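S.K.: My questions all concern the structure below.
The values are calculated or read from the model by the stated rules, or taken from the named source; none is laboratory data. Quick caveat: nothing in here was measured; it's all calculated off a predicted structure. Neighbour counts run over all protein chains shown; Cβ positions are idealised from the backbone, glycine included. Keep in mind that these areas ignore ligands, DNA and RNA; they rest on the heavy atoms of the full protein, side chains included. Shrake-Rupley method; radii C 1.70, N 1.55, O 1.52, S 1.80 Å.
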Amino acid sequence: MAQQGVLGFSPNTVMNKSAAQRFHAIPQPDNKIRAEYIWIDGEYGIRSKTRTLDFLPKSVQDLPEWNYDGSSCYQSQGSNSDTYLIPVAMFKDPFRLGNNKLVLCDTYKHDRTPTETNQRHTCIKVMEAAKDQKPWFGIEQEYTLLDMDGRPFGWPKCGFPGPQGPYYCGVGADKVYARDIVEAHYNACLYAGVNISGINAEVMPSQWEFQVGPCEGITIGDELWMARFLLHRVAEEFGVVVTLDPKPMEGDWNGAGAHCNFSTEAMRKPNGIVEIQNAITKLSKHHDRHIQAYDPKKGADNARRLTGKHETSSIHDFSSGVANRGASIRIPRGCAEEGKGYLEDRRPSSNCDPYAVSEAIVRTCCLNE
């Protein structure tokens, strides 16, 4: 499926998959499982490595701590490189099947303080403080598929596809590219136990979206990070690259976001629209703080995307409206008509840390901080 570019084919596309399958089919010993430990590195990338366990973990608490070379992950110096992996969530492994597991981990320095990219450490405390309000989240993760030379997958090498218009939720070989990857990822998430709620082709050709949620509290971050791992891992099999860059192509092309749908129990009850409007008022007072939290570069990445064009608001101004995709906060039409439901914060970038996003929203809307 991968295209040939300046750097040639991905090595993954030329390996003999049928030969590999012979070895994947070898039965695994009954008393052994493989656990893939997954973590966030110092640049918000995803890393993983595997260990063999001689028992079947029933919960994440059964899993042992581990460590890795933090100096190779932008998180420590080589002279003191061991960095701790603390399991926090466990999923079924859709690649190895059987009793094998995927293990999402927190990262801690040698002195047991959290690494700089361990946003879960503070997020879980905020979610605990607000748990009585039952905050729910759903995140719409947009992403772009690239070939090995960084060109959007399926785009002409010496030109551009036709203007945006027919690609969003498109059907047909001239409108959507690499649906096989998207469907494989969907199946992998369902098997793993990720609460994936849907997929669709996006506005720019070779741009797609999946949605995770509804999830309560800290689980939105856990499940979105696992879904991202699965996406990268599935695309690897096809020799295709996934980018979460918020503006992968300059010019008259849509960027990529991670719109965050949010509600509390009060918002979901009759006349919850009042609570939704109250939350929007609170959010309007902390726009700059949220922009800082909504991409890893403290707003620099989002500045390329939030221009007020291509279905975005301006990064400099706060706005809200019913069914308005050019606003910072959108109230879905159905919620406005029913008088209850949720709000959609359209500002988070596609490469956001969902722990930082959900923490900021809860601090503002639930804890009045």
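S.K.: Determine, from the Cβ-Cβ distance of Lys282 and Met15 and an R0 of 56 Å, the FRET efficiency 1/(1 + (r/R0)^6), rounded to the nearest 0.05.
M.R.: 0.60
S.K.: Give the long-range amide H neighbours of His259: residues separated by 5 or more places, or on another chain, with amide H under 5 Å away, using H modelled in the peptide plane at 1.01 Å from N.
M.R.: Those lying under 5 Å, H to H, from His259 are Glu140, Glu142.
S.K.: Run the helix sum for the chain: -39,500 (n - 2.57) per DSSP H stretch of 4+ residues, divided by residue count, reported at 222 nm to the nearest 500 deg cm²/dmol.
M.R.: -7500 deg cm²/dmol
S.K.: Right, another one. Give, in nm to one decimal, the length gained when the segment between Ile46 and Leu190 is fully stretched (0.36 nm per residue of separation minus the Cα-Cα distance).
M.R.: That pair, Ile46 and Leu190, stretches by 49.8 nm at full extension.
S.K.: Sequence gap at least 6, Cα distance under 8 Å: using those rules, report the relative contact order of segment 30-117 to the nearest whole percent.
M.R.: Relative contact order for segment 30-117 comes out at 31 percent.
S.K.: On to the next question. Probe of 1.4 angstrom, ligands and nucleic acids ignored: what's the accessible area per residue over segment 240-339, in square angstrom?
M.R.: With the other protein chains kept in place, segment 240-339 gives 45 Å² per residue.
S.K.: Output ³J(HN,Hα) for segment 28-42: one whole-Hz value per residue in order, computed from phi by the Karplus curve 6.51 cos²θ - 1.76 cosθ + 1.60 with θ = phi - 60°, and x for Gly and Pro.
M.R.: Karplus-based 3J(HN,Hα) across segment 28-42 equals 8, x, 4, 9, 10, 9, 10, 10, 8, 7, 10, 8, 9, 8, x Hz.
S.K.: Another question, then. Taking the alpha-carbon distance from Lys340 and a cut-off under 19 Å, which aspartates and glutamates remain once sequence neighbours fewer than 8 residues away in the same chain are dropped?
M.R.: Hits, sequence-local ones excluded: Asp132, Glu216, Glu265, Glu275.
S.K.: At 27 angstrom or more along the helix axis (alpha-carbon based) and mean Kyte-Doolittle of -1.0 or higher, what helices does the chain contain? Whole DSSP H runs only. Intermediate results must be reported in sequence, preceding the final value.
M.R.: Numbers: long enough: 219-238 (29 Å, 0.15).
Once both thresholds are applied, what remains is 219-238.
S.K.: What label, among (i) 23.1, 70; (ii) 21.1, 61; (iii) 21.8, 69, belongs to Rg and Dmax of the Cα atoms in Å computed from the structure on display?
M.R.: Calculated Rg and Dmax of the Cα atoms in Å: the matching label is (ii).
S.K.: Where the convex hull is taken over the Cα atoms of segment 286-369, what is its projected area averaged over directions, in nm²?
M.R.: For the Cα atoms of segment 286-369, the hull's average projected area reads 5.4 nm².
S.K.: While we're looking at this one, here's another question. What is the set of long-range amide H partners of Ser314 at a cut-off below 5 Å, with H atoms built 1.01 Å from backbone N?
M.R.: The list, which skips near neighbours in sequence, is Gly308.
S.K.: What is the distance in Å between the Cα centres of segment 54-120 and segment 255-291?
M.R.: Cα centroid of segment 54-120 versus Cα centroid of segment 255-291: 33 Å apart.
S.K.: Given the pairs Lys58/Lys92; Lys32/Lys92; Lys32/Lys101; Lys134/Lys269; Lys49/Lys92; Lys247/Lys285, which span a C-alpha to C-alpha distance of over 19 angstrom in this model?
M.R.: From Lys58/Lys92; Lys32/Lys92; Lys32/Lys101; Lys134/Lys269; Lys49/Lys92; Lys247/Lys285, over 19 Å: Lys247/Lys285.
S.K.: If you don't mind, there's one more thing I want to ask. Percent relative contact order of the chain, based on C-alpha pairs within less than 8 angstrom and at least six residues apart?
M.R.: Relative contact order for the chain comes out at 17 percent.
S.K.: Under a 1.4 angstrom probe, counting protein chains only, how are His310, His287 ranked by accessible area, largest first?
M.R.: His310, His287
S.K.: On a C-alpha basis, how far is the centre of segment 306-367 from the centre of segment 178-244 in Å? Whole number, if you could?
M.R.: A separation of 21 Å, based on Cα centres.
S.K.: May I ask you to give the solvent-accessible area per residue for segment 30-117, in square angstrom, as obtained with a 1.4 angstrom probe?
M.R.: The answer is 51 Å² per residue.
S.K.: Still on this structure, I have one more. On the protein heavy atoms, probe 1.4 angstrom, tell me the percent of accessible surface of the chain carried by carbon and sulfur.
M.R.: C and S fraction of accessible area: 50 percent.
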